[in-house]
Amino acid sequence: MLEIGTKAPDFELLDQNGDMHRLSDYTGKKVILYFYPKDNTAGCTKQACGFSDRYPQFTEKGAVILGVSKDSVASHKKFEEKYGLSFTLLADPERKVIEAYDVWKEKKNYGKVSIGVVRTTYLIDEQGIIIKANDKVKAADDAENMLKDLD
(Lines give C-alpha, C1' and ligand atoms only; values in the text may rest on other atoms or scores of the structure.)
Protein backbone atom coordinates (compact mmCIF):
# COMPACT_ATOMS: atom_id res chain seq x y z
CA MET A 1 0.00 0.00 0.00
CA LEU A 2 1.26 3.48 -0.80
CA GLU A 3 2.02 5.87 2.05
CA ILE A 4 -0.25 8.71 3.13
CA GLY A 5 1.34 12.04 2.18
CA THR A 6 2.91 10.76 -1.05
CA LYS A 7 2.00 11.86 -4.56
CA ALA A 8 -0.43 9.42 -6.16
CA PRO A 9 1.02 7.90 -9.35
CA ASP A 10 -0.62 9.27 -12.49
CA PHE A 11 -2.06 6.75 -14.93
CA GLU A 12 -3.96 6.29 -18.18
CA LEU A 13 -6.74 3.69 -18.25
CA LEU A 14 -9.86 3.09 -20.33
CA ASP A 15 -13.27 3.21 -18.66
CA GLN A 16 -16.31 1.01 -19.27
CA ASN A 17 -17.17 3.13 -22.35
CA GLY A 18 -13.68 2.97 -23.87
CA ASP A 19 -12.82 6.57 -22.86
CA MET A 20 -9.33 7.36 -21.55
CA HIS A 21 -8.92 8.67 -18.00
CA ARG A 22 -5.84 10.06 -16.29
CA LEU A 23 -5.57 10.81 -12.60
CA SER A 24 -4.22 14.23 -13.60
CA ASP A 25 -7.59 14.93 -15.31
CA TYR A 26 -9.04 15.25 -11.79
CA THR A 27 -6.66 17.86 -10.37
CA GLY A 28 -8.78 20.20 -8.26
CA LYS A 29 -11.14 17.42 -7.12
CA LYS A 30 -10.91 14.81 -4.42
CA VAL A 31 -10.65 11.31 -5.89
CA ILE A 32 -11.75 8.07 -4.30
CA LEU A 33 -9.65 5.49 -6.10
CA TYR A 34 -10.67 2.01 -5.11
CA PHE A 35 -9.22 -1.29 -6.27
CA TYR A 36 -11.35 -4.41 -6.23
CA PRO A 37 -10.76 -8.03 -7.28
CA LYS A 38 -13.48 -8.84 -9.83
CA ASP A 39 -16.69 -7.63 -11.48
CA ASN A 40 -19.92 -9.41 -10.56
CA THR A 41 -18.68 -11.09 -7.39
CA ALA A 42 -20.62 -10.69 -4.13
CA GLY A 43 -18.25 -8.37 -2.25
CA CYS A 44 -17.33 -6.29 -5.28
CA THR A 45 -20.99 -5.85 -6.20
CA LYS A 46 -21.85 -4.70 -2.64
CA GLN A 47 -18.99 -2.23 -2.72
CA ALA A 48 -19.85 -0.85 -6.18
CA CYS A 49 -23.56 -0.54 -5.38
CA GLY A 50 -22.68 1.24 -2.12
CA PHE A 51 -20.72 3.86 -4.05
CA SER A 52 -23.38 4.12 -6.74
CA ASP A 53 -26.25 4.52 -4.23
CA ARG A 54 -24.39 7.37 -2.51
CA TYR A 55 -23.01 8.93 -5.68
CA PRO A 56 -24.99 12.20 -5.32
CA GLN A 57 -23.55 12.68 -1.82
CA PHE A 58 -20.01 12.22 -3.16
CA THR A 59 -20.54 14.71 -5.98
CA GLU A 60 -22.00 17.23 -3.48
CA LYS A 61 -18.71 16.99 -1.61
CA GLY A 62 -16.72 17.50 -4.82
CA ALA A 63 -15.41 13.94 -5.00
CA VAL A 64 -14.97 11.64 -7.98
CA ILE A 65 -15.17 7.85 -7.67
CA LEU A 66 -12.95 5.63 -9.79
CA GLY A 67 -13.13 1.84 -9.41
CA VAL A 68 -10.24 -0.22 -10.80
CA SER A 69 -9.89 -3.93 -11.45
CA LYS A 70 -8.06 -6.09 -13.96
CA ASP A 71 -11.33 -6.91 -15.73
CA SER A 72 -11.78 -5.83 -19.35
CA VAL A 73 -13.65 -2.78 -20.65
CA ALA A 74 -16.43 -5.13 -21.86
CA SER A 75 -16.71 -6.79 -18.43
CA HIS A 76 -16.93 -3.37 -16.76
CA LYS A 77 -19.67 -2.31 -19.20
CA LYS A 78 -21.74 -5.40 -18.37
CA PHE A 79 -21.17 -4.82 -14.62
CA GLU A 80 -22.22 -1.16 -14.94
CA GLU A 81 -25.36 -2.01 -16.93
CA LYS A 82 -26.41 -4.95 -14.73
CA TYR A 83 -26.36 -2.84 -11.54
CA GLY A 84 -26.99 0.66 -12.97
CA LEU A 85 -23.68 1.95 -11.63
CA SER A 86 -23.30 5.72 -11.77
CA PHE A 87 -19.53 6.15 -11.61
CA THR A 88 -16.40 5.31 -13.60
CA LEU A 89 -14.91 1.82 -13.75
CA LEU A 90 -11.36 1.59 -15.09
CA ALA A 91 -9.93 -1.48 -16.80
CA ASP A 92 -6.35 -2.48 -15.92
CA PRO A 93 -5.88 -5.92 -17.51
CA GLU A 94 -2.08 -5.46 -17.65
CA ARG A 95 -2.08 -4.55 -13.92
CA LYS A 96 0.12 -1.47 -14.48
CA VAL A 97 -1.89 0.76 -12.14
CA ILE A 98 -2.74 -2.10 -9.78
CA GLU A 99 0.99 -2.71 -9.31
CA ALA A 100 1.87 1.01 -9.19
CA TYR A 101 -0.56 1.38 -6.26
CA ASP A 102 0.88 -1.72 -4.57
CA VAL A 103 -2.38 -3.69 -4.35
CA TRP A 104 -1.29 -6.88 -6.22
CA LYS A 105 -0.31 -9.11 -3.33
CA GLU A 106 -0.48 -12.50 -1.72
CA LYS A 107 -3.88 -13.07 -0.13
CA LYS A 108 -5.32 -15.75 2.11
CA ASN A 109 -8.92 -16.78 1.64
CA TYR A 110 -10.29 -19.64 3.70
CA GLY A 111 -6.74 -20.84 4.28
CA LYS A 112 -5.90 -20.87 0.55
CA VAL A 113 -3.05 -18.63 -0.55
CA SER A 114 -3.26 -16.85 -3.90
CA ILE A 115 -1.97 -13.73 -5.62
CA GLY A 116 -4.45 -11.04 -6.58
CA VAL A 117 -5.88 -7.60 -5.97
CA VAL A 118 -6.19 -6.75 -2.29
CA ARG A 119 -9.34 -4.63 -1.88
CA THR A 120 -7.87 -1.18 -1.19
CA THR A 121 -9.30 2.34 -1.19
CA TYR A 122 -7.29 5.55 -1.52
CA LEU A 123 -8.53 9.08 -0.94
CA ILE A 124 -6.51 11.54 -3.02
CA ASP A 125 -6.72 15.29 -2.44
CA GLU A 126 -7.13 18.08 -5.00
CA GLN A 127 -3.35 18.27 -5.57
CA GLY A 128 -2.94 14.52 -6.14
CA ILE A 129 -1.62 13.66 -2.66
CA ILE A 130 -2.80 10.48 -0.92
CA ILE A 131 -4.56 11.59 2.28
CA LYS A 132 -6.13 8.27 3.27
CA ALA A 133 -5.28 4.67 2.44
CA ASN A 134 -7.12 1.57 3.61
CA ASP A 135 -6.23 -2.02 2.70
CA LYS A 136 -8.57 -3.55 5.31
CA VAL A 137 -11.71 -2.60 3.41
CA LYS A 138 -15.05 -4.14 4.28
CA ALA A 139 -16.85 -4.04 0.93
CA ALA A 140 -20.32 -3.30 2.31
CA ASP A 141 -19.05 -0.40 4.49
CA ASP A 142 -16.53 1.26 2.17
CA ALA A 143 -18.79 3.91 0.62
CA GLU A 144 -20.21 5.03 3.98
CA ASN A 145 -16.72 5.19 5.51
CA MET A 146 -15.39 7.21 2.59
CA LEU A 147 -18.26 9.69 2.86
CA LYS A 148 -17.29 10.26 6.51
CA ASP A 149 -13.64 10.70 5.49
CA LEU A 150 -14.63 13.50 3.10
CA ASP A 151 -15.98 15.64 5.96
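Lys136 satisfies every condition listed in (1) modelled with pLDDT under 95; (2) touching a Phe, Trp or Tyr at 6+ places or on another chain (Cβ under 8 Å); (3) assigned to a loop (DSSP other than H, G, I, E, B) except (2). The residue that is surrounded by the fewest Cβ atoms within 10 Å (Cβ to Cβ), among those in region 86-101 that are more than 13 Å from the chain's Cα centre (by Cα) and of a type outside the set (Gly, Ala, Ser), is Glu94.
The rows are residues; the columns are (1) in contact with a helix residue (DSSP H, G or I) (Cβ under 8 Å, 6 or more places away or on another chain); (2) of a type in the set (Asp, Glu).
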residue	(1), (2)
Leu13	yes, no
Leu33	yes, no
Phe51	yes, no
Asp71	yes, yes
Glu80	no, yes
Gly84	yes, no
Ala91	yes, no
Lys107	no, no
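Tell me, yes or no, whether region 108-119 has at least one residue that is surrounded by 13 or more Cβ atoms within 10 Å (Cβ to Cβ) and β-branched (Val, Ile, Thr). So far as region 108-119 goes, yes, one or more of its residues are surrounded by 13 or more Cβ atoms within 10 Å (Cβ to Cβ) and β-branched (Val, Ile, Thr).
The values are calculated or read from the model by the stated rules, or taken from the named source; none is laboratory data. This one's a predicted model, so the numbers in the text were calculated from it and none came from an experiment. Here Cβ is always computed from backbone atoms with ideal geometry, including for glycine, and neighbour counts include all displayed protein chains.
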